[in-house]
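Undergrad: Have a look at this one before I ask anything.
Each reported figure results from applying straightforward, stated rules to the coordinates on display, with no laboratory input. This one's a predicted model, so the numbers in the text were calculated from it and none came from an experiment. Please note: Cβ atoms are built from the backbone with ideal geometry, for glycine as well, and neighbour counts cover all protein chains shown.
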Amino acid sequence: MLHKLKNTLLFFLARVLTTFSPGVSYMAFAGPGSSRQLCEHIRRSGIRRLLVVTDKPLRELGLVDKALEGFADSDVDIAFYDGVLPDPTFGQVAEGTAILKAHGSEAVLAVGGGSSIDCGKLIACCALTDEDPKEWVGFGKVKHEVVPIYVIPTTAGTGSEATMGAVISDTETHEKSVLSGVSMAVSATALDAELQLGLPPHITAATGMDALTHAIEAYISRWDRGTRKENAERAVRLVFANLPRAYAQGDDLQAREAMVLGAYYAGIAINQVNVGNVHAIAHQLGGKYGIPHGLANAMVLPHVLNWCAEEAAEPLAELADLIGVGAGEPVAVRARAFIDAVIGLRDSVGIAPTSDRIQAEDYDYLINLAVTEGTGYFCPKLLDADGARHILTQITA
């Protein structure tokens, strides 16, 4: 009962806070060569000292140089922090912040996947303060001025280029912390699919399922706010139509462009109503076992949908209609048809339904964290210990 009351109170507070909070604007350059356009935009904004946040593999592959071609022959002084690893930590944020302050960077440009983008957001928030970013865990805790954050995503899935949040891991507790607020909103992004040509199939699959999870969680949310349904619908259509193509043929530019847009639309959707129970569980799998976020979402998603199929029957049936499955059947049957389609898509891109990393002796630890996180989400069905345990048993090899 207390769990439910807390969720109700948080839902009320979220609606009140967003009523009085400033809106988030979105600026995106899209299409081939859009990364060059973003670089030119940054130059026109008067930025002369820039920190690029990325990871070493992307620099070694030459993708970062390609993304920064728009700065060629410019007077922009660029420093690099390329120490970002999967599941970025507060320690990595501190390393990047030290480079930013020593360089006197006026803005941050994150080039990479969600890890680089999330790390870049926190570095931008640390630029003009000596506060400990661990104190900002939660919503709206960053009250001071931050430097602009620009983004060039090199995967299509996290949606972090469209959100005002970041997920950072704590190496001491092995827990993932969610930080969000208008201060972390991206100033501008480049949706340049050319940078994603040839992305390995397993990364294409995991990030694509990540985008789908965002879209579905936003669509079935109890919080009907903004354009979350329209953007979620766009994302669901694009992912179902294009993920198998991008997975099978990595140099299919049309499929890549569709996936980049799908991930961006899904990011806008969750930026309005947040994520849900899939993330509440998947975050713990990443924090405890290092399971990549997209893979964790892909494993958990069908089981969460099955668990709340009765409460979410109407929106799930609408999504079935959207992708053309279960036509003419009753609501409950169409909802199940959509869940089956999600499973079919996951299987078609080679993602295993279970993981041998997950250990039954860790269930109580994982459940406690998942239920606590789930209290802050506005899902059709509030996550409880029994539900979380059932879902974990389904994904344990």
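Undergrad: Which order do VAL342, VAL53 fall in if you start with the one that has the fewest other Cβ atoms within 10 Å?
TA: VAL342, VAL53
Undergrad: Let me ask something else about it. Students often check this: by mean Cβ neighbours within 10 Å, which of 222-235, 71-84, 201-214 ranks highest, and how do the rest follow? List each step's numbers first, then the result.
TA: Working: 222-235: 19.1, 71-84: 16.0, 201-214: 26.0.
Most protected by this proxy first, the peptides run 201-214, 222-235, 71-84.
Undergrad: Can you list residues from other chains, or at least 5 along the same chain, whose modelled amide H is less than 5 Å from the amide H of GLY33?
TA: Excluding prolines and chain starts, which carry no amide H, the hits are GLU194.
Undergrad: Starting from the amide H of LEU109, placed 1.01 Å from N in the peptide plane, find each other amide H under 5 Å away whose residue is 5 or more places distant or on another chain.
TA: LEU51, VAL52, VAL53, TYR150
Undergrad: Test of understanding: ordering TRP307, TRP136 by Cβ neighbours within 10 Å, fewest first, what list do you get?
TA: Ranked by crowding around the Cβ, least crowded first: TRP307, TRP136.
Undergrad: Tabulate in residue order the Karplus-calculated ³J(HN,Hα) for region 385-392, using 6.51 cos²θ - 1.76 cosθ + 1.60 with θ = phi - 60°, rounded to whole Hz; enter x for Gly and Pro.
TA: Couplings: 5, 4, x, 5, 5, 4, 5, 4 Hz.
Undergrad: Can I ask one more? Taking θ as phi - 60°, what are the ³J(HN,Hα) couplings along region 240-251 by the Karplus curve (6.51, -1.76, 1.60), each to the nearest whole Hz, with x for Gly and Pro?
TA: My calculation for region 240-251 gives 4, 7, 10, 4, x, 5, 5, 5, 7, 9, x, 9 Hz in order.
Undergrad: For the pairs LYS229/LYS288; LYS56/LYS229; LYS4/LYS143; LYS176/LYS381, note any where the Cα-Cα span goes beyond 26 Å. It would help to have the intermediate numbers written out before the result.
TA: Details: LYS229/LYS288 32 Å; LYS56/LYS229 37 Å; LYS4/LYS143 30 Å; LYS176/LYS381 23 Å.
Over 26 Å Cα-Cα: LYS229/LYS288; LYS56/LYS229; LYS4/LYS143.
Undergrad: Taking the Cβ of VAL147 as the centre, find all other residues whose Cβ is under 12 Å away and add up their charges (Lys, Arg: +1; Asp, Glu: -1).
TA: Values: positive: ARG49, LYS101, LYS121; negative: GLU106, GLU145.
Net charge in that neighbourhood comes out at +1.
Undergrad: Taking amide H atoms as placed 1.01 Å from N in the peptide plane, list the residues 5 or more away in sequence, or in a different chain, whose amide H sits under 5 Å from that of SER169.
TA: So SER169 has HN proximity to THR89, PHE90, SER177.
Undergrad: How large is ³J(HN,Hα), in whole Hz, for each residue of region 373-383 in order, when computed from phi with the Karplus curve 6.51 cos²θ - 1.76 cosθ + 1.60 and θ = phi - 60°, using x for Gly and Pro?
TA: 5, x, 4, x, 10, 10, 8, x, 9, 6, 5
Undergrad: Run the numbers for ASP75 and GLU310: contour at 0.36 nm per residue of separation, minus the present Cα-Cα distance, in nm.
TA: Value of the extension gain: 78.7 nm.
Undergrad: To continue, here is another question. From the P(r) of the chain, could you give the percentage of C-alpha pairs in the tail past 27 Å?
TA: Result: 47 percent of Cα pairs exceed 27 Å.
Undergrad: When TYR365, TYR377 are ordered from fewest to most other Cβ atoms inside 10 Å of their Cβ, what list results?
TA: TYR365, TYR377
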